[in-house]
Amino acid sequence: QEGLDSNLDSITWMTRQYDQYIERKLVEYEKNPSGSLAWKIFRGYSRGGEWKKATDWGETMLKTYKGRGRWAGAKDDVARAYMFQKRYVEAAQLWEKLYSKLAKFNHAFCWYMNGDYEKSIPLFEKLSKRTDGWGVASNYWIGRSKEKLVQDPKENYSFVVEHDDTNWYKLLLAQRDLLEDESISLHNGQW
């Protein structure tokens with residue numbers, strides 16, 4: 001029994017019993033609050049798919065622990081939890097404060113998903129000149145935004161065709177019958 005009790009946190013985590021894991025961590029947090037315990041609770045909510053609880057807890061802990069410990073880089077994780085709830089405005093507002101390419105892309109993508117296509121285009125354009133995956137993805141979503149606004153996306157889709165080394169976005173264009181050049185070979189799923 002003693003061995004089970006001392007390992008129950010690990011057991012509940014590894015067996016994906018996140019509700020029991022969180023329950024134990026919340027009791028522990030009430031007795032001795034810390035940023036690392038708060039982070040474990042947030043991760044438990046996230047892993048358990050409890051996005052509402054994750055964002056509520058995450059927002060509170062971002063304010064409580066500000067830039068200390070694991071919470072220093074947690075805006076991305078909290079923003080992702082907002083996005084999984086389809087709360088795109090809150091997610092975009094958090095990603096706007098970050099500087100990575102992923103954050104810039106997700107900031108624009110959240111405005112797209114929120115239906116704010118005019119707002120998403122200039123944000124995607126910040127990455128659109130790059131010839132790497134970020135530029136390809138941004139041009140694809142600029143094209144999709146332009147379609148929603150009844151504008152011509154050809155320039156953006158041409159960029160995708162020219163620079164998409166992975167063929168992922170070419171495949172998306174082909175599935176939507178927007179790939180003009182039939183001679184472009186796509187991966188057949190085998191590597």
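The values are calculated or read from the model by the stated rules, or taken from the named source; none is laboratory data. Model, not experiment: these values are computed from the prediction. Cβ: placed from backbone, ideal geometry, glycine included. Neighbour counts: every protein chain shown. Ligands, DNA and RNA are excluded from the accessible area calculation, which covers all protein heavy atoms including side chains. Shrake-Rupley method; radii C 1.70, N 1.55, O 1.52, S 1.80 Å.
Exactly one condition in (1) of a type outside the set (Asp, Glu); (2) touching a Pro at 6+ places or on another chain (Cβ under 9 Å); (3) more than 30 Å from Asp19 (Cβ to Cβ) is not met by Gly115; state its number.
The one condition Gly115 does not meet is (2).
Among the residues of region 83-132, write down those that are open to solvent by less than 20 Å² (accessible area, probe 1.4 Å) and farther than 22 Å from Lys148 by Cβ.
Within region 83-132, Leu94, Ala103 meet the criteria.
Being in a loop (DSSP other than H, G, I, E, B) and of a type in the set (Ser, Thr, Tyr) is the filter here, so list the residues in region 116-156 that pass it.
The answer is Ser128, Thr131.
What is the residue count in region 150-172 for residues that are surrounded by 12 or more Cβ atoms within 10 Å (Cβ to Cβ) and either among the hydrophobic types (A, V, I, L, M, F, W, C) or within 14 Å of Arg130 (Cβ to Cβ) (or both)?
Total satisfying the criteria: 10.
Considering every residue within region 104-115, establish whether at least one is outside any helix (DSSP H, G or I) and modelled with pLDDT of 95 or more.
For region 104-115, residues outside any helix (DSSP H, G or I) and modelled with pLDDT of 95 or more: present.
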